[in-house]
C-alpha cells in the first residue's frame, strides 16, 4: 500500500496496512514487524509525504536488500503519482483555460509553431462565420487578405515579442472582417515557446462608423464649401473648422489660417462681449455685430449658432453672413426711394399748382396758356421718369430680351443722329459722325436708344456752336463707339457714380435740363446684356468722351 499526502493507493486487501503506513510516515523512518515492512516516501526536497508498506500473511526476515528495494520502489511510486497528479492538474488548467477562452467575447486562436490553428474559441468562429474544421490544419494567415502582416505577428511572438496590428481576415462566406490582432508567445511546461496565442478584435463596426463619419464629414465639407455663407465650427471659442466663404469674409486667403484661432478675434473689441454672451445663451436668433477683418477693417456681420457633432464630439457651428452688401443695397434703396419721391413730388407739385391756378379762373388767356405749357412739361417729365424707372428695373433684372442680329454700326449712328437732329439744331450744336463699315451683333433698337441718350446728354451739356463727334473703331473682337463733346466736363470723383441710378454731376441739372438721372444707368444695363461695357474720360472745362463696346459680328 502507498500512502501519499493522506491519500491511499492500493486494493481492498491492503487497506489494513493503512494505520501502519501512517505510523511509518509519522516516525519518518523504516519500520518492520514480523510480516510487515514500511519505508517513508520523500519528495525531491527530502520532505516526507507518506509511506510505502508491504505485508504478508506469515512472518519473514527482511534483509538489507529488501529494504533498499522497498525504498527504490517507494521513490518510483512517488514519482509516478506525482506525474499523474501533474497531468491531472494540467488537464484541469487546460479545461479551465478553454472555458475562459470560450466565455470571452474577444476572438482567440492558439497556433502551433508552424502557424496551424490548434484551437479557435467560439467568438472567433462567430466572427469568421466558420466551423472549427474551416480553420483547423492550416496557418491562420491563410485566411487573411493581407496574410504577411499576420504571419509577421506570429514570427515576432515566436521570438518572444508581443506585437499587434490591423489585418483583414476573410470570413467563410467570403466577406471581409476588419480586425485588430495581437500575438503573444505561448510557453510550454519547460518555459520554451511552443506557439502563439493570438487575440482578434472585430473592427468592422468601428471601420463602418469611421467611414460613415468620414462620408458625413465629406458631405458637410462639400456643402459648406458650396455655401456662399461663412461657416465656422468652434469649441469654447477656438475654431476647429471653417469653409472658404468664412475665410474670405474675415479677410484670409485660406480657411486653414483660421484653424486654432479664437473666433472672437474676428469680432470688433466693443462687440466681443455681446457676441460671447449671445452665442453662449444658445438662442437661435441672429446677432448683428461689427466684424474685424485680418487687415483691421471693420464691417457689419451677422452671426447665427447651432450645436452639432463634429469629429466625434459636440461643437458649435456659427453661420457668418457679411452684411456689407446688404447695407449698401439698403442705403441705395433708401436713396432711391428718397430721390424718386423727390422727383415725383416736384413735377406733381408744379402740375397741381398750375391746375389750381387754372381752376381758380383768375388768369387771363396769356397766363392760362403759360400754365398749360408748364403742366404739359411737368406731365412729360413724369412720363419720362416713370418710363425710365420701368426700363432700368426691367433691364437690370434681365426681363428685357435682347434680339441680337447683325447690324451696321453706321446705320445705328445714322438713326440716332436723325432722332436728335431737332434738339441739336435748336441748341446750335453740330454732330460729326464717322462709323465706317463696322458690323456688330446687337439689338438695333436698344443700341439706338443708348446712342440717343448719349447724344442728348452731349447736346444738353455743350455750349451753342460746339461740335459733338461720333466715331466707331474696331479693337480685337469688339467695336468701340466714342461720343466726344466740348462741354463743361465731369469731375474725376464723378466718373463712376454718374452710371448709378439718379447719379448726376449736379443735382440741379434735373430741374434745369429736364433729365431723370436714369439714362446712363439704362445704357449700362443694355450694354452689359450685350456683353459690352461703358466708361467716360473727361477733363473739366474741356469736354467729355463716352466710350462703349459691342461684339463684332462674326457670322460673315
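Give the residues of the range 246-267 that are buried (at least 17 other Cβ atoms within 10 Å of the Cβ) and in contact (Cβ under 8 Å) with a residue 24 or more places away in the chain, sorted by residue number.
Result: 246, 249, 250, 252, 258, 263, 264, 266, 267.
Just need a number here: residues in the range 516-533 that are touching a helix residue (DSSP H, G or I) at 6+ places or on another chain (Cβ under 9 Å) and surrounded by fewer than 19 Cβ atoms within 10 Å (Cβ to Cβ).
The number of residues fulfilling the criteria is 3.
Could you check, for the range 475-489, whether at least one of its residues is under 51 Å from the mean Cα position of the chain (by Cα) and crowded, with 19+ Cβ neighbours inside 10 Å?
Within the range 475-489, one or more residues are under 51 Å from the mean Cα position of the chain (by Cα) and crowded, with 19+ Cβ neighbours inside 10 Å.
Report whether or not residue 154 is surrounded by 14 or more Cβ atoms within 10 Å (Cβ to Cβ) and closer than 19 Å to residue 194 by Cβ.
Here the answer is yes, as residue 154 does meet what is asked.
Being buried (at least 17 other Cβ atoms within 10 Å of the Cβ), at pLDDT below 90 and in a helix (DSSP H, G or I) narrows it down to one residue among 378, 387; which is it? Spell out how you get there, then give the answer.
Values: 387 fails: buried (at least 17 other Cβ atoms within 10 Å of the Cβ).
Only one candidate qualifies: 378.
Select from the range 117-141 the residues that are in a helix (DSSP H, G or I) and surrounded by 15 or more Cβ atoms within 10 Å (Cβ to Cβ) and list them in ascending order. Please lay out each step first, then the result.
The initial filter retains those residues of the range 117-141 that are in a helix (DSSP H, G or I), namely 122-127, 132-135, 140-141.
Within the range 117-141, 122, 123, 124, 125, 127, 134, 135, 140, 141 meet the criteria.
Applying the selection to the range 255-285, what residues are farther than 16 Å from residue 319 by Cα and touching a helix residue (DSSP H, G or I) at 6+ places or on another chain (Cβ under 6 Å)?
272
Out of the range 56-73, which residues are surrounded by 11 or more Cβ atoms within 10 Å (Cβ to Cβ) and at pLDDT below 80?
Passing the criteria: 60, 62, 66, 67.
Yes or no: the range 443-454 includes at least one residue that is surrounded by 14 or more Cβ atoms within 10 Å (Cβ to Cβ), closer than 21 Å to residue 539 by Cβ and assigned by TED's automatic domain parsing to the domain that holds residue 546.
yes
Given the structure, is residue 210 surrounded by fewer than 16 Cβ atoms within 10 Å (Cβ to Cβ), modelled with pLDDT of 80 or more and farther than 20 Å from residue 117 by Cα?
no
So that you can scan it fast, the table gives a plain yes or no per residue for (1) under 12 Å from the mean Cα position of the chain (by Cα); (2) modelled with pLDDT of 60 or more:
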| residue | (1), (2) |
| --- | --- |
| 186 | no, yes |
| 189 | no, yes |
| 194 | no, yes |
| 200 | no, yes |
| 204 | no, yes |
| 215 | yes, no |
| 225 | yes, yes |
| 233 | yes, yes |
| 240 | yes, yes |
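Just to check your reading of the model, which residue among 357, 363 is in a helix (DSSP H, G or I), modelled with pLDDT of 75 or more and either over 23 Å from residue 519 (Cα atoms) or touching a helix residue (DSSP H, G or I) at 6+ places or on another chain (Cβ under 7 Å) (or both)?
The unique qualifying residue is 357.
Quick one: residue 132 ticks every box in (1) touching a helix residue (DSSP H, G or I) at 6+ places or on another chain (Cβ under 8 Å); (2) at pLDDT 85 or above except a single one, so which number is it?
It fails just one condition, (2).
Out of all the residues in the range 229-238, is one or more under 16 Å from residue 321 (Cβ atoms) and either out of contact with any strand residue (DSSP E or B) (no Cβ under 9 Å at 6 or more places or on another chain) or free of Cβ contacts under 8 Å to residues at least 40 places away in the same chain (or both)?
no
Does residue 420 count as within 16 Å of residue 550 (Cα to Cα) and in contact with a helix residue (DSSP H, G or I) (Cβ under 8 Å, 6 or more places away or on another chain)?
no
How many residues are in a loop (DSSP other than H, G, I, E, B) and either under 23 Å from residue 518 (Cβ atoms) or in contact (Cβ under 8 Å) with a residue 40 or more places away in the chain (or both) when one looks only at the range 430-459? Step through it out loud before you land on a result.
Initial filter on the range 430-459 (in a loop (DSSP other than H, G, I, E, B)): 435-438, 443.
Filter once more, keeping what is either under 23 Å from residue 518 (Cβ atoms) or in contact (Cβ under 8 Å) with a residue 40 or more places away in the chain (or both): 438, 443.
The total comes to 2.
Just checking, which of 114, 95 is closer than 30 Å to residue 126 by Cβ, surrounded by fewer than 16 Cβ atoms within 10 Å (Cβ to Cβ), within 60 Å of the chain's Cα centre (by Cα) and at pLDDT 65 or above?
Just one listed residue meets the conditions, 114.
Here is a list of conditions, (1) surrounded by fewer than 16 Cβ atoms within 10 Å (Cβ to Cβ); (2) on the phi < 0 side of the Ramachandran plot, and residue 282 meets all of them except one; can you say which number that is?
(2)
Of these, 345, 316, 352, which one is surrounded by fewer than 16 Cβ atoms within 10 Å (Cβ to Cβ) and at pLDDT 70 or above?
Details: 345 fails: at pLDDT 70 or above; 316 fails: surrounded by fewer than 16 Cβ atoms within 10 Å (Cβ to Cβ).
Sole residue among the options that is surrounded by fewer than 16 Cβ atoms within 10 Å (Cβ to Cβ) and at pLDDT 70 or above: 352.
Output yes when any residue across the range 460-471 is assigned by TED's automatic domain parsing to the domain that holds residue 545, under 55 Å from the mean Cα position of the chain (by Cα) and in contact (Cβ under 8 Å) with a residue 24 or more places away in the chain, and no when none is.
Among the residues of the range 460-471, at least one is assigned by TED's automatic domain parsing to the domain that holds residue 545, under 55 Å from the mean Cα position of the chain (by Cα) and in contact (Cβ under 8 Å) with a residue 24 or more places away in the chain, which makes the answer yes.
The values are calculated or read from the model by the stated rules, or taken from the named source; none is laboratory data. Note that the coordinates shown come from a computational prediction; the quantities given were computed from them, not determined experimentally. With ideal geometry, Cβ positions are generated from the backbone for all residues, glycine too; neighbour counts draw on all protein chains shown.
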